[in-house]
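Below is one structure, written out as structure tokens; the observations come after it.
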Amino acid sequence: ATRLANVVTGDPGVDETVRMGLVGLSDYVNRRTAAALAEPAAVVPGQDDLAFYPLLYWTVTPEAPVPDARAVAALNEFMRNGGIILFDTRDEGSGEGFAPGARAALRRVTRDLAVPALAPVAEDHVLKRAFYLLTDLPGRFAGGTVWVARDVDRANDSVSPVIIGGHDWASAWAIDGRGQNPFAVVPGGARQRTLAYRFGANLVMYALTGNYKGDQVHVPAILERLGN
């Protein structure tokens, strides 16, 4: 079964929120797309095999420790083999100041990881059109910048192994045992939550299928050549 996964932070509240978020996102993706996602998993890099998961959601808490050598090796292998890590600092846009110290923790956590040079998500990036056409990528918070690999790496189908933002997407996706959304999204309310779910669907499609949507722009030229 295909599952999403989150990196265990050691903070029970954070880990439970992310679990509820990935449950909510998996349910949304299963209802709206042809994907079939099973229950999400919580993993500890260096201890658990990461090869089963297309996407790791990593909430970077201010107290996050530096990964040990085994974890670093496992994470770098995961990215090298096509896996995507979404780092969420929960402090961008309308969430600025929500998690003080998270950006410093992000630098600490990624120090030994093979993170490529980054750039803001471009308007024509596949993340904005893998399933839904989006102009913004909000979560619980709106605004701020989402970062992806700056340069194209054909070895991985031009898919960015790292996505970095601070929008607390998991809280926007989260559903509790009653099927309710326990966390408010600000400032955009219900519409913003819908867009957050749509970004999540795009993210899953991107993780599962790579740049197929970007490749579609070349189809007319390919067909013309075949016709000749």
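The values are calculated or read from the model by the stated rules, or taken from the named source; none is laboratory data. Given the structure is predicted, the values throughout are model-derived calculations rather than measurements. Virtual Cβ from ideal backbone geometry, glycine too; neighbours counted across all protein chains shown. SASA here: full protein model, heavy atoms, side chains in, ligands and nucleic acids out. Shrake-Rupley method; radii C 1.70, N 1.55, O 1.52, S 1.80 Å.
Residue by residue, here is whether (1) open to solvent by less than 60 Å² (accessible area, probe 1.4 Å); (2) under 15 Å from the mean Cα position of the chain (by Cα) holds:
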residue: 9; (1), (2): yes, no
residue: 13; (1), (2): yes, no
residue: 18; (1), (2): yes, yes
residue: 26; (1), (2): yes, yes
residue: 33; (1), (2): yes, no
residue: 39; (1), (2): no, no
residue: 47; (1), (2): no, no
residue: 54; (1), (2): yes, yes
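State whether one or more residues within segment 113-121 are within 22 Å of residue 198 (Cβ to Cβ) and open to solvent by 60 Å² or more (accessible area, probe 1.4 Å). Don't jump to the end; show me each part of the working.
Of segment 113-121, the ones within 22 Å of residue 198 (Cβ to Cβ) are 120-121.
Filter once more, keeping what is open to solvent by 60 Å² or more (accessible area, probe 1.4 Å): 120.
Yes, that holds for at least one residue.
Name the residue that is nearest to residue 71 (Cα to Cα), counting only residues in segment 107-162 that are hydrophobic (A, V, I, L, M, F, W, C) and touching a strand residue (DSSP E or B) at 6+ places or on another chain (Cβ under 6 Å). Steps first, answer last, please.
Initial filter on segment 107-162 (hydrophobic (A, V, I, L, M, F, W, C)): 109, 113-115, 117-119, 121-122, 126-127, 130-131, 133-134, 137, 141-142, 146-149, 152, 155, 159, 162.
Those still in the list that are touching a strand residue (DSSP E or B) at 6+ places or on another chain (Cβ under 6 Å) too: 115, 118, 121, 146-148, 162.
Details: 115: 14, 118: 22, 121: 27, 146: 25, 147: 23, 148: 22, 162: 16 Å.
Here the answer is 115.
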Filtered residue count, segment 132-170, keeping only those that are under 15 Å from the mean Cα position of the chain (by Cα) and not in a strand (DSSP E or B): 15
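Would you be able to say whether some residue in segment 7-21 is assigned to a strand (DSSP E or B), over 18 Å from residue 201 (Cβ atoms), at pLDDT 95 or above and not polar (S, T, N, Q)?
Taking every residue of segment 7-21 in turn, at least one turns out to be assigned to a strand (DSSP E or B), over 18 Å from residue 201 (Cβ atoms), at pLDDT 95 or above and not polar (S, T, N, Q).
Would you mind finding the one in 73, 64 that is among the aliphatic types (A, V, I, L, M), assigned to a helix (DSSP H, G or I) and either surrounded by 14 or more Cβ atoms within 10 Å (Cβ to Cβ) or within 15 Å of the chain's Cα centre (by Cα) (or both)?
Details: 64 fails: assigned to a helix (DSSP H, G or I).
Step by step, each of 73, 64 is checked, and only 73 is among the aliphatic types (A, V, I, L, M), assigned to a helix (DSSP H, G or I) and either surrounded by 14 or more Cβ atoms within 10 Å (Cβ to Cβ) or within 15 Å of the chain's Cα centre (by Cα) (or both).
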With 98, 87, 131 as the choices, which residue is among the hydrophobic types (A, V, I, L, M, F, W, C), surrounded by fewer than 18 Cβ atoms within 10 Å (Cβ to Cβ) and either closer than 24 Å to residue 13 by Cβ or touching a residue at least 60 places away in the same chain (Cβ under 8 Å) (or both)? 98
Does any residue in segment 179-192 that is over 14 Å from residue 98 (Cβ atoms) come within less than 7 Å, Cβ to Cβ, of a residue that is assigned to a helix (DSSP H, G or I) six or more places away or on a different chain, and which pairs are these? 181/193
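In this structure, does residue 174 turn out to be at pLDDT 95 or above and either over 22 Å from residue 105 (Cα atoms) or touching a Cys at 6+ places or on another chain (Cβ under 6 Å) (or both)? Give the steps one after another, and end with the answer.
On the way: at pLDDT 95 or above: yes; either over 22 Å from residue 105 (Cα atoms) or touching a Cys at 6+ places or on another chain (Cβ under 6 Å) (or both): yes.
Judged against the criteria, residue 174 is a match.
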